[in-house]
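The values are calculated or read from the model by the stated rules, or taken from the named source; none is laboratory data. Here the structure is a predicted model, which is why all the values come from computation and not from measurement. Glycine gets a Cβ as well: all are built from the backbone with ideal geometry, and neighbour counts include every protein chain shown. Heads up: the accessible areas ignore ligands, DNA and RNA and are worked out on the full protein's heavy atoms, side chains in. Shrake-Rupley method; radii C 1.70, N 1.55, O 1.52, S 1.80 Å.
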Amino acid sequence: MEKPVETRPRRRIVWVNVMTVLSAAILIGAEVFGAAFAGGWAIGSLLDLGPTGDTVLRALLFVLGMVVMAAFIRNAQRVEPFTER
């Protein structure tokens, strides 16, 4: 005896929403990572951390920027869903 095949409704990608979130992520990402680089340089110079300290501080702020961007994209997907049924 054959089992009936379950058909799930297909999910469609909403390209307008994907492009909106991608465009905003590029714009905001440039600002976040630019601020992380400049902030790391400025704070490192202010605290006289030296070249190694500057680089470490910029790397830490870069990682913080990645966390901010991941949170932005996650929240943007709630507002502009990438798929619909």
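Kirkwood hydrodynamic radius, the chain, all distinct C-alpha pairs: what's the number in Å?
15.7 Å
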To test your reading of the geometry: what angle, between 0 and 90 degrees and rounded to tens, separates the Cα axis of helix 50-79 from the longest principal axis of the chain? 30 degrees
Which value, in debye to the nearest 20, gives the size of the charge dipole of the chain about its Cα centre, when Lys and Arg are +1 and Asp and Glu are -1 at the Cβ? 580 debye
Over the chain, what percent of the accessible surface lies on carbon and sulfur atoms, probe 1.4 Å? 68 percent
So what is the accessible area of the chain per residue, in Å², with the probe set to 1.4 Å? 82 Å²
At a Förster radius of 41 Å, what calculated FRET efficiency corresponds to the Cβ-Cβ distance of L46 and M19, to the nearest 0.05? 0.55
Where in segment 63-85 does the amide nitrogen come within less than 18 Å of the point 7 Å from the Cα of T7, taken along Cα to Cβ? 85
Please give the helix 15-46 orientation as an angle from the longest Cα principal axis of the chain, in degrees from 0 to 90, rounded to the nearest 10. 20 degrees
